[in-house]
1. So for segment A:34-50 (the condition being buried (at least 18 other Cβ atoms within 10 Å of the Cβ) and hydroxyl-bearing (S, T, Y)), does at least one residue qualify?
2. So if I check each of B:Q56, B:Q37, which one is within 14 Å of another protein chain (Cβ to nearest Cβ), on the phi < 0 side of the Ramachandran plot and without any contact (Cβ under 8 Å) to a residue 12 or more places away in the chain?
3. Pick from A:S70, A:S30: which is on the phi < 0 side of the Ramachandran plot and either away from chain B (no Cβ under 14 Å) or open to solvent by less than 50 Å² (accessible area, probe 1.4 Å) (or both)?
4. All but one of (1) of a type in the set (A, V, I, L, M); (2) farther than 20 Å from B:G102 by Cα; (3) in contact with a Cys (Cβ under 9 Å, 6 or more places away or on another chain) hold for A:L21, so report the exception by its number.
5. Starting from residues that are basic (K, R) and in contact with a Phe, Trp or Tyr (Cβ under 6 Å, 6 or more places away or on another chain), keep the ones in segment B:58-100 and report whichever is modelled with the highest pLDDT.
6. State all residues of segment B:51-109 that are assigned to a loop (DSSP other than H, G, I, E, B) and among the small types (G, A, S); if no residue qualifies, say none.
7. Could you list all residues from segment A:8-52 that are out of contact with any strand residue (DSSP E or B) (no Cβ under 8 Å at 6 or more places or on another chain) and within 19 Å of A:I83 (Cα to Cα)?
8. Taking segment A:82-97 as the search range and keeping residues that are in a loop (DSSP other than H, G, I, E, B) and either more than 7 Å from chain B (Cβ to nearest Cβ) or in contact with a helix residue (DSSP H, G or I) (Cβ under 8 Å, 6 or more places away or on another chain) (or both), which one is most open to solvent (accessible area, probe 1.4 Å)?
Amino acid sequence: AQSVTQLDSQVPVFEEAPVELRCNYSSSVSVYLFWYVQYPNQGLQLLLKYLSGSTLVKGINGFEAEFNKSQTSFHLRKPSVHISDTAEYFCAVSLDAGKSTFGDGTTLTVKP
Amino acid sequence: DGGITQSPKYLFRKEGQNVTLSCEQNLNHDAMYWYRQDPGQGLRLIYYSQIVNDFQKGDIAEGYSVSREKKESFPLTVTSAQKNPTAFYLCASSIVGTGKYGYTFGSGTRLTVV
């Protein structure tokens, strides 16, 4: 069975600073990797995904993530955050069958 | 545009009542899911269905029931047996047979016991 660990439950950061949200996964088979974002009182939206190929994946709103197979990690980064990036972020893994496993989420708070 | 519609957005339940949350999708996805979200606890899977007329319990199915009579619809009933139903409920769908598209989520229903 696969599992996902988001290493930080809360990440506070000042506006225009860089940020990294960490995600480790475990699986005995190849997986697809995802980051979702959830704004208050809304559903989750897909931010980016890694399927294969280049290990650096670019997503919406200036976010990117790097897949590291040896460290089984898929950390999310943004070089300069905005107040509007304040949200909860979820890392997820998915197998070929289609069912996903989600991490517990990381709350990103961007302060002025 | 295709998507998932959850209704109502806000729902209030009296003690001892059953309530039903609606989830409809027009994405032609085979699989549908219900999650419960509480502060600080991430997403917890209640039920999921990968085909019409079939569904499986998730991690916290007690006190909930579902049906899947149509591909497009996967309603969730919160029964009076669910002792702490106040939470945010999310419905999602996906394609069966490949995980590379991830999930599409609805906008959620916030249920409050009054």
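The values are calculated or read from the model by the stated rules, or taken from the named source; none is laboratory data. Here the structure is a predicted model, which is why all the values come from computation and not from measurement. Don't worry about glycine lacking a Cβ; one is built from the backbone with ideal geometry, like all the others, and counts go over all protein chains shown. Ligands, DNA and RNA are excluded from the accessible area calculation, which covers all protein heavy atoms including side chains. Shrake-Rupley method; radii C 1.70, N 1.55, O 1.52, S 1.80 Å.
1. Within segment A:34-50, one or more residues are buried (at least 18 other Cβ atoms within 10 Å of the Cβ) and hydroxyl-bearing (S, T, Y).
2. None of the other options fit; the residue is B:Q56.
3. Among A:S70, A:S30, only A:S70 is on the phi < 0 side of the Ramachandran plot and either away from chain B (no Cβ under 14 Å) or open to solvent by less than 50 Å² (accessible area, probe 1.4 Å) (or both).
4. With respect to (1) of a type in the set (A, V, I, L, M); (2) farther than 20 Å from B:G102 by Cα; (3) in contact with a Cys (Cβ under 9 Å, 6 or more places away or on another chain), A:L21 is out only on (2).
5. Restricting attention to segment B:58-100, the residues satisfying the condition of being basic (K, R) are B:68, B:70-71, B:83, B:100.
Right, trim to in contact with a Phe, Trp or Tyr (Cβ under 6 Å, 6 or more places away or on another chain) and you get B:68, B:100.
Details: B:R68: 98, B:K100: 83.
Step by step, filter segment B:58-100, then rank; the result is B:R68.
6. First pass over segment B:51-109, keeping only residues assigned to a loop (DSSP other than H, G, I, E, B): B:52-53, B:58-63, B:67-69, B:71-72, B:74-75, B:79-86, B:95-103, B:106-108.
Correct list: B:G58, B:A61, B:G63, B:S67, B:S80, B:A81, B:G97, B:G99, B:G102, B:G106, B:S107, B:G108.
7. Those that are out of contact with any strand residue (DSSP E or B) (no Cβ under 8 Å at 6 or more places or on another chain) and within 19 Å of A:I83 (Cα to Cα): A:E16, A:A17, A:Q42.
8. Of the residues in segment A:82-97, the ones in a loop (DSSP other than H, G, I, E, B) are A:82, A:86, A:95-97.
Subset that is either more than 7 Å from chain B (Cβ to nearest Cβ) or in contact with a helix residue (DSSP H, G or I) (Cβ under 8 Å, 6 or more places away or on another chain) (or both): A:82, A:86.
Details: A:H82: 88, A:T86: 53 Å².
By that ranking, first place goes to A:H82.
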